[in-house]
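J.: Let me give you the structure first, and then I'll get to my questions.
The values are calculated or read from the model by the stated rules, or taken from the named source; none is laboratory data. Keep in mind that what you see is a predicted model, and the values were worked out from it rather than measured. Every residue, glycine as well, gets a Cβ built from its backbone with ideal geometry; the counts of neighbours run over all protein chains shown.
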Amino acid sequence: MGPKTSQPTIAQRLANPTRFMDLSDRVLPWLAAAAGVLIAAGLYLAFVHAPPDYQQGHTVKIMFIHVPSAWLAMMGYLLIAASSFGLLVFRHPLADVSAKAAAPIGATFTLLALVTGSLWGKPMWGTYWVWDARLTSVLVLFFLYLGLMALRSSIEDEALAARLTAILGLVGVAVLPVIKFSVDWWNTLHQPASVLKVGGPAIHPSILVPLLVNAAGITLLFFALHMKAMRNEILRRRVRALTRSEVERGGRLAPGAAG
Amino acid sequence: MDLGPHSAFIWAAYGLFALALAALCAWLVGDGRRLERQLAGLEARGVRRRSAAADQ
């Protein structure tokens, strides 16, 4: 009986960095263009079609960028946690590349969620900041992103840095349910969920549709940025490997290098 | 476009959002170009990856 053969899965096919570079080179322009079109449509709907809220007036427009930023802040961390799991359990060659690439992008979206929320809070709540459970847990998420990047850059051994960062990444995922349910578990100034809630969204379609179009566009932008950052990280590793190879070759060729 | 009494907050939020994402895009594109130049320079000097033959 001959050896049993099976078709490789998509994850296995993408495990080869060269194949990922070829595929992402073709997909990235389309992903970026789709993100641009959806964001342009979302902004048009937000500023031309969406009516002012009956209580908040036009400040509700901040929601169209604040809510997607907050969603992507959490999704970015979930991506890091999944990649960390992929590295520690399956030793997927691209898992650490994905985790490393997602950290600065997730941190940016977390900072944007905090800043846009603050600019929304001042006119609506009368304050830029309050130490309630939702705002504080998102601030913890921002520091967690910074911690992951700091930990990685503080360890010279790249394989060790990848493993330790992955462990912190997995441990830190505990902050995500705290962020999500903080508005239910504690009394917060921040309002409870309005879109992803039992019984359906509590937002009128005239405001919900621009929000979802913006969210879709900004999510595609996130994935385009992540793909580009992964490509850069693969290039960086190739440059490092070639530089090391060049140095070793130079060492072998240089007369008296061994002595 | 009249966005009411709180328009400064709305424009500031959108402005910072656009600025941060533009900076992130510019950093990633610039970093990618710099790395591609470095890689091309190494390959021009005849340095090859061990797996390069397998990728052909």
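J.: Any idea which residue in region A:84-102 is nearest to the other protein chains (Cβ to nearest Cβ), counting only those that are of a type in the set (Gly, Ala, Ser) and crowded, with 24+ Cβ neighbours inside 10 Å?
T.: So the residue we want is A:101.
J.: Being away from every other protein chain (no Cβ under 14 Å) and either surrounded by 20 or more Cβ atoms within 10 Å (Cβ to Cβ) or modelled with pLDDT of 85 or more (or both) narrows it down to one residue among A:190, A:204; which is it?
T.: Within the list A:190, A:204, the selection yields A:204.
J.: Just to be sure, is residue A:42 at pLDDT 95 or above, assigned to a helix (DSSP H, G or I) and closer than 25 Å to residue A:206 by Cα?
T.: It is true that residue A:42 is at pLDDT 95 or above, assigned to a helix (DSSP H, G or I) and closer than 25 Å to residue A:206 by Cα.
J.: Could you check region A:37-83 and list, in sequence order, the residues that are in contact with a helix residue (DSSP H, G or I) (Cβ under 9 Å, 6 or more places away or on another chain), within 12 Å of another protein chain (Cβ to nearest Cβ) and surrounded by fewer than 15 Cβ atoms within 10 Å (Cβ to Cβ)?
T.: Correct list: A:52 only.
J.: Among the residues of region B:6-43 satisfying the criterion of being within 7 Å of another protein chain (Cβ to nearest Cβ) and of a type in the set (D, E, K, R), which is nearest to the chain's Cα centre (by Cα)?
T.: Filtering first and then ranking leaves B:31.
J.: Taking residue A:243 as meeting all but one of (1) away from chain B (no Cβ under 14 Å); (2) surrounded by fewer than 16 Cβ atoms within 10 Å (Cβ to Cβ); (3) among the β-branched types (Val, Ile, Thr), write down the number of the exception.
T.: For residue A:243, the failing item is (1).
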